[in-house]
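Notes follow the structure.
Nothing in this text is a laboratory measurement; each read-out follows from the coordinates by a stated rule. The model shown is predicted, which means the values in this text are computed figures rather than measured ones. No Cβ is skipped: glycine too gets one built from the backbone with ideal geometry, and neighbour counts run over all protein chains shown.
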Amino acid sequence: MKDKFISFLGIAKKAGKCIEGYNKCEEALRNNKCALIIVSKEASENTREKFERMASTRDIPIIIGCSGEDLSWILGRDKINIIGIIDTSMATKLSQLWKEKEENSFGGECFVKN
């Protein structure tokens, strides 16, 4: 595994707590079933802005800057740019791990918005 964040995301996936893809995440946000949104750095600017807007109006944290390659690798699918986490405790842990990863990195776009 590449790091703790990716490892824990794999656990969330195996536990069935991940929603994969643009349409499914958009629907989950609209139905207030998402506790966290993860957007890859490869997602288009329009996609990032749309999910940022939707998440902020619902007070849901969003992680932007994760590698799309890492997301695809952990989920076993090609070209995944959006992931939703439906479990609150897993979402909290993933946010914490991302912040730790950001503190240990030396640049790049890595942040969690609440």
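Right, LYS99: assigned to a helix (DSSP H, G or I) and buried (at least 17 other Cβ atoms within 10 Å of the Cβ) or not? Show your work before the answer.
Values: assigned to a helix (DSSP H, G or I): yes; buried (at least 17 other Cβ atoms within 10 Å of the Cβ): no.
No; evaluated as a whole, the condition is false for this residue.
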Search result, residues across segment 14-29 that are crowded, with 18+ Cβ neighbours inside 10 Å, part of a helix (DSSP H, G or I) and charged (D, E, K, R): GLU26
Against the conditions (1) part of a helix (DSSP H, G or I); (2) among the small types (Gly, Ala, Ser); (3) touching a strand residue (DSSP E or B) at 6+ places or on another chain (Cβ under 9 Å), where does SER89 fall short? Just the number, please. (3)
